[in-house]
1. Just to be sure before I move on: is Gly61 modelled with pLDDT of 80 or more and loosely packed, with under 14 Cβ neighbours inside 10 Å in the structure I sent?
2. Can you work out which of the residues in segment 198-220 that are hydrophobic (A, V, I, L, M, F, W, C) and modelled with pLDDT under 95 is farthest from Val67 (Cα to Cα)?
Amino acid sequence: MSTHHLVFDIHTYWHAGSGRGRDAVLDAEVIRDSDGLPYLPGKTIKGLLKKAMMTSLLARGESTALVHELLGSDVPGTADAANGDEQTSKLEEGRFSTSPGCLWIGSATLPPTWAQWLRTAPDRTNAQDVLAALFRTVASTAIDGEGVAREHTLRVSEVTVPMTLRAQITNTAPTDRWPADRWLPLVRNALPHLRSLGVRRRRGYGRVTVTLEAPPKEVR
């Protein structure tokens with residue numbers, strides 16, 4: 001079993017949604033951990049990496065069959081779903097009919113020192129101010145053909161400021177089946193195709209550069 005790190009250098013505001021709003025003002029809140037810090041769920045990363053790996057292999061004219069072995073199979077029917085409601089239904093129906101891949105991916109987080117400081121900071125007010133500075137709120141509305149805002153389309157979302165996150169990626173398969181010199185190039189070649197994450201990517205949100213980093217060597 002071998003472990004590396006995926007490093008996410010996020011260059012713009014980004015939004016990894018919690019699926020919830022807040023109060024009567026905020027329509028979409030970002031996902032936070034138990035310390036209130038933003039993070040990118042491992043499940044989300046796996047989906048992004050799967051799509052990037054598919055693109056990478058197709059661009060080189062290679063078979064994409066290995067993607068499911070590494071990152072797991074897709075839920076049947078979701079690719080053909082007509083809308084979000086249908087896709088959610090397909091996900092619920094097919095969640096037990098998938099097979100896991102041999103790559104385990106953890107959530108991408110800020111360095112552990114952030115959580116340690118938030119838990120032990122003597123000045124709680126200052127700590128909460130620093131935490132709040134990691135987030136912004138942005139408002140948007142739909143515009144009609146005459147350049148006028150449409151009624152009832154105002155949406156206020158929470159976003160996270162640019163930052164660097166790290167996630168573990170571990171090969172759980174036997175090394176004779178998936179040696180490092182076989183799976184690591186597949187991941188590394190896919191990363192240039194992973195250029196954005198989260199929602200509102202077409203509006204410039206979530207621009208990211210992802211790199212693969214080997215664990216530090218032990219000093220003896």
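The values are calculated or read from the model by the stated rules, or taken from the named source; none is laboratory data. Predicted model, so just to flag it, every value in this text is computed and none were measured. Cβ sites come from the backbone with ideal geometry, for glycine too, and all protein chains shown count toward neighbours.
1. So Gly61 passes the test.
2. The selected residue is Val219.
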